[in-house]
Amino acid sequence: MRGRPNLYVSYEDEQAILPTWTKRVLMVVFGLAAVLIPLGAVLQFGERTVQPLGFLAGGDWLRILGTVAITAIAALGLNILTGLCGQVSLGHAFFMGIGAYTAAVLGSPVGAAGVFGSRWGAGLPMWVWLPAAGIVAAMVGALVAPTAVRVRGLYLAFVTLGLVFIGEWMFRTFVAVTGGSQSGRSFPPLNLRLWGIEREGQPATGPGLDLVGDGPSWAPINWLDWLLGPWINLPDTMSSEAKHYVVLGAIAVVFVLFAKNLQRTRIGRSFMAIRDRDIAAEVMGVADAGAKTRAFAISSFYAGVSGALLGAFVTRLIPESFGLDLSVQFVAIILIGGAGTVTGALLGTVFVVVLPRLVQDFSLWLTETVNAGGFLAPVADLVVSTGPGDFGLVSTSQGVTPGLNVAQLNFVLYGVLIIIFLIFEPLGLYGIWIRIRNYWKAWPFTY
Amino acid sequence: MKRLRLRWIALLAVFLVVAACGGDDDDTATTAAAADTTEAPADTTAAPTDTTMAATSTSGAPTGEILTDVGVDLEAGTITVGLLSDLTGPFGPLVTAIVTGQEVYWENVNATGGVNGLTVNLEVRDTSYDVPTHVSLYEELKTQVVAFGHSTGSPHTVAINPQLQADGILAVPLTWYSGWSDPAINSNLVSHGTPYCLESMNLIEYAMDQAVAAGTAAPTIAIVSLPGDYGLDSAIGAAIAAETLGLEVVYDGTGAVVPGQDLTPIANEIVAADPDIVFITTTPTAFTEIYGPAIQQGFEAIWTGASPTYNPAFLASPLADALQRDFIGSAYVAPWGSGTPGTDELEALIASLRPDAMPLDYYAEGFVEAKILHEALLAAHEAGDMTQAGVLAAAKSLDEVDFNGLAPNESYTGEPNERLQREIVIFRPDAALLAAGGTGANVVEPAYTSETAANYEFTGACFVLE
């Protein structure tokens, strides 16, 4: 009986996170790759060494991966609200802002004038400010929910759109907390400290772990290196970016597991019941208002934590960062990735965060190809516009030239992709993945 | 299920151990790194983190041998310089022209022998004036470039500043924030031009002299600005000047201008307060949204404000007549057609290398930034240390950078209060000059320093970015 696809002998088996051995093996391989490659693992074949996908271990790519982890948390949050519970929200950036500024107030070093100086800061360690950022955002989410549960669909989108504008106004006005429009404030760094109040201009007190600055590899990384034997070697030092990646990745994994498990609980099923048909759900005994409030609170918790991490990662944000653009980015992630699935939200995040870099590298490569000459140059020249009078889709020269520059091209791609996915593949990247998987599942008997 | 859950708990435990175990490793880290680098002083291809140490320990290296790490390739004969530019954000059109200025400057340098034979290549990245993007792009470029030819935006530059310091890399900030002259912040930055704060002092004293000459005994002033480092730094300087000069502030709109909102109420309040001088620091668009409604009500006063408030394109708009009557403009660099050796050279280079480009004053800004870095690269070459840290040290040792009349000379040594730039160019808008193929700036004071600005004791940023 074992090993037959789609045959489950118990309810538990069917609900397992990784129901088949293929998935389990793939997950282990993926997990190892996600740890080893960005840390700069080197494969040793006798004298020869190979560093697969070595570019991912560079500081710039580690930063992109860190951004992926942070963005994924917020995207998972919106996925719970929009994908699972069916409540369209454009207010995600507002909740991220609430979380970010909660973290800033609790975690920033105490200034010379005390906690409530020109910029508020209580100097508390990260294990206080990070959960607090989520909890405060969840509380605000629960406060907003009574208004939101009364409306549906497009109207809800407008209510939450209002939130973004109210939020931006609040963030611009509350200078002691946010630093004010266009100047912003600094955020507490991602330092894991057990206790001790941080004060401005004084070295951090209390035992802990600094993520800022390069240093030797952490003990568990060295153990992993030892466990993997002589064939796979990890470097002895870790850059600041690598440390951030490990910690942010670990936090993201916790949130992924929570989101995945939420789907399998009574609460998660009540969300899906409301999404599919709210009246039918109520008839079956699901408390509509209660479930929606819960969805808002959980989603806001995710957004709050993500906002706090973003602030700590970037070190300085201006109130304008939490505007409509950010909210739209998350809606794009959900739509491109595939609404309602954790995998979809993750795929969408990777796609949306990495896309600008790929577009940039691609256009730089095209320009190089044009400049280098050779047989590819005329082909590249059709796409790239290098100066006035040279028509092409992408422009890499800074003067007034025809063609879109990289940032504009990204925006256009977003829009086009959302339309394409909505029309041709409502399940998003996840849907494409499912189709590829199903094709190979029964290969070579696919028809 | 149970087994699975146990496995996840085990995984979590590993991560917690990660957090707990690395605690006391950090002290050993720094000592170990320091020990490593003293052993390899002559290693020119060492990792960038190592060479900060290596470079200082070999300052007496044999002549003819040049230390390099990132961004300088002696074999290929190239130097790579990074630009963190806002090409598509709110300052896109302006910064695009500045980048063109840099490109033209370096194209000319490369065509005339380069930096001691080395060709300079620019790596331009578009930050869209977004802080997270700015930080990411810094991270991308720091392993490719020897220094940053400019970094657009004050909060953005403050955000990368700790990393610039940790990595020992030089950057030229592309903002005129007064904090850049503060030694507590500027260890890795070389700024140029008069900060917004002192620019305000100059403009207000000049405007007051004009008002008094026109017969107003005790002029009154209205102060209007954007929020943020730019608007507030400028408005704080204006308030200092108003107090020093005894001007009565009849309307204080410091930080009141929120772009995108209806600005007519601000115009109405200015008109109601009836000042003799309006000091306004905003974006060009916001300026027209306040200035237009105010003059429509028949309001007449002297209008002036920080340089980026004004756009030469105004002179081709219906506002032209009123502006020529009311506006006093400021510039950090000599405007197009000033006739200084520097501007003449710039105009000739733009004409030959970018024949289609329209005349803009922003090219000069690109030239000034590039010139600073050029001098730093030459000094670094002479010192035999073209590492990132070497170029930083060379820039910080520049006694005088002469822009040939394109901008007032800058110095990066000595007391902050002494080397602080206080001089601006004052011009009146002139549509006839624009029509004649210039940028419409009729220079009335090519090198103006007010008494207020000259006597101002600089102790730190006017507006502190916390």
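The values are calculated or read from the model by the stated rules, or taken from the named source; none is laboratory data. Since the structure is predicted, the reported quantities are computational estimates derived from the model, not experimental observations. Counting neighbours? That spans all protein chains shown, and the Cβs are built from the backbone with ideal geometry, glycine included. The area values use the complete protein model at the heavy-atom level, side chains included, leaving out ligands, DNA and RNA. Shrake-Rupley method; radii C 1.70, N 1.55, O 1.52, S 1.80 Å.
For the reader, a short list of remarks on this structure follows.
- Average beta carbon contacts from partner chains per residue of A:349-356, 10 Å cutoff: 1
- A simple packing score, the average count of other Cβ atoms within 10 Å per residue, orders the peptides A:53-59, A:329-335, B:229-235, A:84-90 as B:229-235, A:84-90, A:329-335, A:53-59, with the highest score first.
- Couplings 3J(HN,Hα) for the stretch B:171-176, derived from phi with the Karplus relation 6.51 cos²θ - 1.76 cosθ + 1.60 (θ = phi - 60°), are 9, 9, x, 9, 7, 10 Hz, where x marks Gly and Pro.
- Taking all Cα pairs closer than 8 Å and separated by 6 or more residues, the relative contact order of the stretch A:115-246 comes to 24 percent.
- Charging the Cβ of each Asp and Glu at -1 and of each Lys and Arg at +1, and nothing else, the dipole of the protein assembly as shown about its Cα centre rounds to 6120 debye.
- Amide H contacts of residue B:303 (H built 1.01 Å from N, in plane; Pro and chain starts excluded): B:278, B:327, B:328 sit under 5 Å, all sequence-distant by 5 or more or on other chains.
- Residue-averaged beta-carbon neighbours from other chains (10 angstrom radius) around B:130-143: 6
- Expressed as a whole percent, the accessible area of the protein assembly as shown that falls on carbon and sulfur atoms is 63 (1.4 Å probe).
- Amide H partners (placed H, <5 Å) of residue B:442, local residues excluded: B:428, B:430
- Here the calculated FRET efficiency for residue A:176 and residue B:262, from their Cβ-Cβ distance with R0 = 22 Å, stands at 0.25, rounded to the nearest 0.05.
- Fraction of antiparallel bridges per DSSP, the protein assembly as shown only, in percent to nearest 5: 40 percent
- The B and A chains share an interface that buries close to 3800 Å² of accessible area, total over both sides, probe 1.4 Å.
- The charge dipole of the stretch B:74-213, taken about its Cα centre with unit charges on the Cβ of Lys, Arg, Asp and Glu (plus for the first two, minus for the last two), comes to roughly 100 debye.
- Long-range tail of P(r) for the stretch B:320-466 (Cα pairs > 29 Å, %): 30 percent
- Charging the Cβ of each Asp and Glu at -1 and of each Lys and Arg at +1, and nothing else, the dipole of chain A about its Cα centre rounds to 1240 debye.
- Gap separating the Cα centres of the stretch B:312-326 and the stretch A:18-46, nearest whole Å: 65 Å
- Interatomic Cα distance distribution for chain A, bins of 10 angstrom, percent: 4, 17, 26, 27, 18, 7, 1, 0
- Based on DSSP H segments of at least four residues, each scored -39500 (n - 2.57), chain B has a per-residue ellipticity at 222 nm of -14500 deg cm²/dmol.
- In the stretch A:54-79, comparing the full protein assembly with the chain on its own, the residues that lose 20 Å² or more of accessible surface at a 1.4 Å probe are A:60, A:63.
- Under a Gaussian network description of chain A, with springs only between Cα atoms under 10 Å, the residue in A:414, A:11, A:430 that fluctuates furthest is A:11.
- In this structure, the amide hydrogen of residue B:147, modeled 1.01 Å from its nitrogen in the peptide plane, lies closer than 5 angstrom to those of B:82, counting only residues at least 5 positions away or on a different chain.
- Between A:13, A:278, A:236, the Gaussian network model of chain A with springs among Cα atoms under 10 angstrom shows the greatest mean-square fluctuation at A:13.
- Over chain A, relative contact order from alpha-carbon pairs under 8 Å, at least 6 apart, %: 22 percent
- Axial C-alpha extent at least 24 Å, average Kyte-Doolittle at least 0.0 - helices from chain B (DSSP): B:2-21, B:92-111, B:196-213, B:228-245, B:362-383
- Whole-number percent relative contact order across chain B, with pairs defined as alpha carbons under 8 Å at least 6 apart: 18 percent
- For the stretch A:400-440 versus the stretch B:100-160, the gap between their alpha-carbon centres in whole angstrom: 31 Å
- Within chain A, the whole DSSP H helices whose Cα atoms reach 18 Å or more along their own axis and whose mean Kyte-Doolittle score is at least 1.6 are A:21-36, A:126-148, A:324-337, A:406-424.
- Using the Cβ-Cβ distance between residue A:49 and residue A:9 with R0 set to 45 Å, the FRET efficiency from 1/(1 + (r/R0)^6) comes to roughly 0.45.
- Per residue accessible area in Å² of chain A, where ligands, DNA and RNA are left out and the probe is 1.4 Å: 48 Å²
- What the phi angles of the stretch A:186-191 give under the Karplus curve with 6.51, -1.76 and 1.60, with θ = phi - 60°, is a coupling list of 7, 10, x, x, 7, 10 Hz, glycine and proline written as x.
- Note on the protein assembly as shown: Rg/Rh from Cα positions, Kirkwood definition for Rh, rounded to two decimals, is 0.98.
- Residues in the stretch B:193-213 that a label on residue B:402 would reach, taking backbone N under 19 Å of a point 7 Å out along Cα→Cβ: B:193
- Placing dummy labels 7 Å off each Cα toward the beta-carbon, the span from residue A:26 to residue A:425 is 1.5 nm.
- For the peptides B:292-304, B:356-368, A:16-28, residues were scored by their other Cβ atoms within 10 Å and the scores averaged per peptide; the highest-first order is B:356-368, B:292-304, A:16-28.
- Local charge for residue A:67 was computed over the other residues whose Cβ lies under 13 Å away, with Lys and Arg +1 and Asp and Glu -1, and equals -3.
- Here the gap between residue A:199 and residue A:382, fully extended at 0.36 nm per residue and compared with their Cα-Cα distance, gives a gain of 60.1 nm.
- Evaluated over the Cα positions of chain B, the convex hull gives a direction-averaged projected area, one quarter of its surface, of 28.2 nm².
- Whole-Å distance, taken between Cα centres, linking the stretch A:222-291 and the stretch B:328-394: 52 Å
- Dipole of chain A, positive direction: furthest Cα of A:412, A:436, A:296, with charges on the beta-carbon: A:296
- Think of the protein assembly as shown as a dipole: +1 on every Lys or Arg Cβ, -1 on every Asp or Glu Cβ, centred on the Cα centre; then among B:198, A:75, A:195, A:75 lies furthest on the positive end.
- Most mobile of A:378, A:356, A:216 in a GNM of chain A (Cα contacts under 10 Å): A:378
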